[in-house]
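The structure appears below as structure tokens.
The values are calculated or read from the model by the stated rules, or taken from the named source; none is laboratory data. Nothing here was measured: the structure is a model prediction, and the numbers come from that model. Here Cβ is always computed from backbone atoms with ideal geometry, including for glycine, and neighbour counts include all displayed protein chains. Just so you know, the surface numbers come from the protein's heavy atoms only, side chains and all, with ligands and any DNA or RNA stripped out. Shrake-Rupley method; radii C 1.70, N 1.55, O 1.52, S 1.80 Å.
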Amino acid sequence: ALRFHQPIRLNLFGGVIEIDKLFWPDVIGDPKRVSFSADVKQLQLEELARALDWHRFNGTLTGSIPQVQSTSDLLRTNGEIQADLFGGRVRIAKLEVENPFSGLASIKLDANLTGIQLEQASNTLEFGRISGILEGSIEDLVLTNGQPAEFRADLHSVERSGVEQRISVEAINKITVLSSGQSAGGLYGGLASFFDSFRYSKLGFKAA
């Protein structure tokens, strides 16, 4: 057995990752069986996304993982992972990664979103400009080979005092193309071409 009694601190992606309670019950016979906890502080998302060849993200990531247990074919977290993202908070539960050491890893999780600033998220994802606050949940999400294979989602805007709720024509057009296959200009008879953005009272997305 191998146990680290002191935390390991890594300066990575402009932030700090602290790994604690690192323990291998059988480091020689079963090296992939390991458990640990982790705290992430102020990781620069742009550097992380570039290293992992993800879509460009701006901002920072701060979060904690109470316990991670890994075997040869399954990685599972115990407890709730909390991450500060897009000015709000994302809570992740029931996180499991099947075949974590292969190129065909499958990720399963539930996520709850609170206080997400839509302007930060839409600018990062290059989805036009949407301002406001987003909350909701994504349950039984399964990602296989980087693509969603299964999920239930219920996301909606939440009114907050002093927070503007506007959506740009570019964002309307992208949402319309996703939902109908047609551009917003074709559906609204060219009306959208006269405006840059619209106020909205509520936005929502629900799907299974």
Inset, instruction - List the number of the failed condition for LYS174; all other conditions in (1) open to solvent by 60 Å² or more (accessible area, probe 1.4 Å); (2) outside any helix (DSSP H, G or I); (3) in contact (Cβ under 8 Å) with a residue 12 or more places away in the chain hold. - result: (2)
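Listed here are the residues, each with its yes/no results for (1) more than 26 Å from THR144 (Cα to Cα); (2) among the charged types (D, E, K, R); (3) touching a Cys at 6+ places or on another chain (Cβ under 6 Å).
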site: PRO7; (1), (2), (3): yes, no, no
site: ASP20; (1), (2), (3): yes, yes, no
site: PHE36; (1), (2), (3): no, no, no
site: GLY79; (1), (2), (3): no, no, no
site: GLY87; (1), (2), (3): yes, no, no
site: PHE101; (1), (2), (3): no, no, no
Inset, instruction - Might you check whether a residue that is within 30 Å of ILE130 (Cβ to Cβ), assigned to a strand (DSSP E or B), in contact with a Leu (Cβ under 8 Å, 6 or more places away or on another chain) and open to solvent by 40 Å² or more (accessible area, probe 1.4 Å) occurs anywhere in segment 94-106? - result: yes
Legend entry - Per-region count, segment 60-93, residues touching a Gly at 6+ places or on another chain (Cβ under 8 Å) and assigned to a loop (DSSP other than H, G, I, E, B): 2
Inset, instruction - Run GLN67 past the list (1) in contact (Cβ under 8 Å) with a residue 40 or more places away in the chain; (2) farther than 26 Å from ILE28 by Cα and report the number of the one that doesn't hold. - result: (2)
Inset, instruction - List the number of the failed condition for ILE138; all other conditions in (1) within 12 Å of the chain's Cα centre (by Cα); (2) open to solvent by 60 Å² or more (accessible area, probe 1.4 Å) hold. - result: (2)
Inset, instruction - Give the number of residues within segment 91-126 that are within 16 Å of GLY59 (Cβ to Cβ) and touching an Asp or Glu at 6+ places or on another chain (Cβ under 8 Å). - result: 3
Inset, instruction - Run SER122 past the list (1) open to solvent by less than 70 Å² (accessible area, probe 1.4 Å); (2) part of a loop (DSSP other than H, G, I, E, B); (3) over 28 Å from VAL34 (Cα atoms) and report the number of the one that doesn't hold. - result: (2)
Inset, instruction - Working carefully through the options LYS41, LYS32, find the one that is among the basic types (Lys, Arg) and in a loop (DSSP other than H, G, I, E, B). - result: LYS32
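To keep it simple, each residue is scored yes or no on (1) open to solvent by less than 50 Å² (accessible area, probe 1.4 Å); (2) among the polar types (S, T, N, Q); (3) free of Cβ contacts under 8 Å to residues at least 12 places away in the same chain; (4) within 30 Å of THR124 (Cβ to Cβ).
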position: ILE19; (1), (2), (3), (4): yes, no, no, yes
position: SER37; (1), (2), (3), (4): yes, yes, no, yes
position: GLU46; (1), (2), (3), (4): no, no, no, yes
position: GLY63; (1), (2), (3), (4): yes, no, no, yes
Inset, instruction - Being modelled with pLDDT under 90 and not in a strand (DSSP E or B) is the filter; apply it to segment 141-162 and report the residue that is most open to solvent (accessible area, probe 1.4 Å). - result: ASN145
Inset, instruction - Identify the residue in segment 65-93 that is under 23 Å from SER131 (Cα atoms) and not charged (D, E, K, R) and, among all such residues, is surrounded by the most Cβ atoms within 10 Å (Cβ to Cβ). - result: PHE86
